[in-house]
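Chemist: After the structure tokens below, expect a handful of questions from me.
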Amino acid sequence: MGRLVYFGFLFVLLGCKQESVQISGEIEKQWRSDSVEITMPDARRGEYLIAAPIREDGTFSLAGNIPLKKVVLINFPKDYLRIPLYTEEIRYVLVESNERYYALSEGASLQNEYVELQKKLDELNRDYENSCQGYDTITDIHRKAMISEMLDKKFKYKNNVLLEGVRRFAGTEIAQNLVHDILFYCEVDFEFFTRAVEALGNGGPESDMRERIFELYEKMKAKQLTGKAPEFELPDAEGQKIQLAAFRGKYVLLDFWASWCAPCRKKNKELNKQYPELREGGLEVISVSLDSKKELWLQALKEDGVSWVQLIDSDGFENSRVRDAYKVEQVPTVYLIDPEGNIVLKNPDLEQIRKIIKEKKS
């Protein structure tokens, strides 16, 4: 993509809620877009606030009204270029950095702080994507598990940076847009979604983005497993049938996994280190394999040297009724169950487990 020669914004105050905006610019000829648009982040295809054609010489100009303190996108449709901008009573210019484009203001502004966060997230995304190269071609499950651990750390760090940004911009549409941009991920990680919603807080302007975020959150919340943990009976490695009810009176960490899942194998190694402490604290671990081939499961148990209760649902991931009862959409998935048989938490970390058990004892 070519370098943008000039792109300036001039905002002229007309009232307290709307701004008259005059935009002019010039792009290099190798760009494919024949128009430029100002759109809302959740706009449908073809919807825009302002639009103008790009002339044959690459120049363009457009004018119109847009609301203040809103996140809008500068959109070059055919180049798939969408640049976020938080509208304030300031002048902006478009700049290129590491083959990405950002709208910066002249002087201090929330937009410039937003851009610094965008740059950081873009850098982390590039690093993560580069680290993922070749992951799917690795056949050694133990090497894959080791790389999975490294990728998991990078992914969590990137998410924490994003959540810090949401908290920093809470009360503005910038925070809303940060969450709105990753709703696809929030749909598969309810715990992260909850942290993002908490970071957003109850304040902030009303917007279609905010409405969509909270509608999806309530929908996902309704799908979470709560109340009594569903009972089941499954065989162990010797074929003996084990019931969940037999562990009533103890905290139970119920772990769904499979031998072919590299993150699951990584979790086995982590649990090997943590299990003595957990057991001493009155907690039992039960792993339910969703392998359809028993021999692969047994081989994984031998390789990983696990020492806690191991069961198998040989109907496999797709057909497992236990998986369906526990609403498991991916492995690994872990539930913490209290001594009365109630679901306490999904995918808890070690510190959360320690805290819950300590509070119960006190």
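The values are calculated or read from the model by the stated rules, or taken from the named source; none is laboratory data. Here the structure is a predicted model, which is why all the values come from computation and not from measurement. In this analysis, Cβ positions are derived from the backbone assuming ideal geometry, glycine residues included, and neighbour counts consider all displayed protein chains. Only protein heavy atoms, including side chains, enter the accessible area calculation; ligands, DNA and RNA are left aside. Shrake-Rupley method; radii C 1.70, N 1.55, O 1.52, S 1.80 Å.
Chemist: If Leu296 passes every condition in (1) farther than 17 Å from Gly239 by Cβ; (2) in a helix (DSSP H, G or I) but one, which one does it miss?
Modeler: The number of the failed condition is (1).
Chemist: Output yes when any residue across segment 43-61 is among the small types (Gly, Ala, Ser), in a loop (DSSP other than H, G, I, E, B), open to solvent by 30 Å² or more (accessible area, probe 1.4 Å) and free of Cβ contacts under 8 Å to residues at least 60 places away in the same chain, and no when none is.
Modeler: Checking segment 43-61: at least one residue is among the small types (Gly, Ala, Ser), in a loop (DSSP other than H, G, I, E, B), open to solvent by 30 Å² or more (accessible area, probe 1.4 Å) and free of Cβ contacts under 8 Å to residues at least 60 places away in the same chain.
Chemist: Next question, about the same structure. Return the pair list, or none, for Cβ contacts closer than 6 Å from residues in segment 232-260 that are touching a residue at least 12 places away in the same chain (Cβ under 8 Å) to residues that are open to solvent by 40 Å² or more (accessible area, probe 1.4 Å), at least 6 apart or on different chains.
Modeler: Short answer, once both residue conditions are applied: Pro235/Lys241; Gln243/Glu233; Leu244/Glu231; Ala245/Glu231; Ser259/Leu296.
Chemist: Something else about it: Of all residues in segment 70-107, which are within 26 Å of the chain's Cα centre (by Cα) and of a type in the set (A, V, I, L, M)?
Modeler: Val71, Val72, Leu73, Ile74, Leu81, Ile83, Leu85, Ala103
Chemist: Next up: Every residue in segment 247-263 that is out of contact with any Asp or Glu (no Cβ under 8 Å at 6 or more places or on another chain) and surrounded by 18 or more Cβ atoms within 10 Å (Cβ to Cβ), please.
Modeler: Those that are out of contact with any Asp or Glu (no Cβ under 8 Å at 6 or more places or on another chain) and surrounded by 18 or more Cβ atoms within 10 Å (Cβ to Cβ): Leu254, Asp255, Phe256, Trp257, Cys261, Ala262.
Chemist: OK, next. Can you name the residue in segment 98-130 that is touching a residue at least 40 places away in the same chain (Cβ under 8 Å) and within 16 Å of Lys158 (Cα to Cα) and is also most open to solvent (accessible area, probe 1.4 Å) among such residues?
Modeler: Among those that are touching a residue at least 40 places away in the same chain (Cβ under 8 Å) and within 16 Å of Lys158 (Cα to Cα), it is Lys120.
Chemist: Here is a follow-up. Exactly one of these conditions fails for Lys154: (1) at pLDDT 95 or above; (2) on the phi < 0 side of the Ramachandran plot; (3) more than 16 Å from the chain's Cα centre (by Cα); (4) open to solvent by 30 Å² or more (accessible area, probe 1.4 Å). Give me its number.
Modeler: For Lys154, the failing item is (3).
Results for (1) surrounded by fewer than 19 Cβ atoms within 10 Å (Cβ to Cβ); (2) over 21 Å from Lys250 (Cα atoms); (3) touching a His at 6+ places or on another chain (Cβ under 8 Å), shown as yes or no for each residue.
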{"site": "Trp297", "(1), (2), (3)": "no, yes, no"}
{"site": "Glu303", "(1), (2), (3)": "yes, yes, yes"}
{"site": "Ser314", "(1), (2), (3)": "yes, yes, no"}
{"site": "Glu318", "(1), (2), (3)": "yes, yes, no"}
{"site": "Arg323", "(1), (2), (3)": "no, yes, no"}
{"site": "Gln330", "(1), (2), (3)": "yes, yes, no"}
{"site": "Asn342", "(1), (2), (3)": "yes, no, no"}
{"site": "Leu350", "(1), (2), (3)": "yes, no, no"}
{"site": "Glu359", "(1), (2), (3)": "yes, no, no"}
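Chemist: Which of the residues that make up segment 70-94 are assigned to a loop (DSSP other than H, G, I, E, B) and modelled with pLDDT under 90?
Modeler: Tyr80, Thr87, Glu88, Glu89, Ile90, Arg91
Chemist: Could you tell me which residue of segment 195-208 is farthest from Phe247 (Cα to Cα), considering only residues that are open to solvent by less than 30 Å² (accessible area, probe 1.4 Å) and either basic (Lys, Arg) or modelled with pLDDT under 95 (or both)?
Modeler: Only one residue tops the list, namely Ser207.
Chemist: Which one of these does Glu164 not meet: (1) over 12 Å from the mean Cα position of the chain (by Cα); (2) closer than 30 Å to Ala222 by Cβ; (3) surrounded by 17 or more Cβ atoms within 10 Å (Cβ to Cβ)?
Modeler: All conditions are met except number (3).
Chemist: Inside segment 185-233, can you point out the residues that are of a type in the set (S, T, N, Q) and farther than 27 Å from Val72 by Cα?
Modeler: Gln224, Thr226
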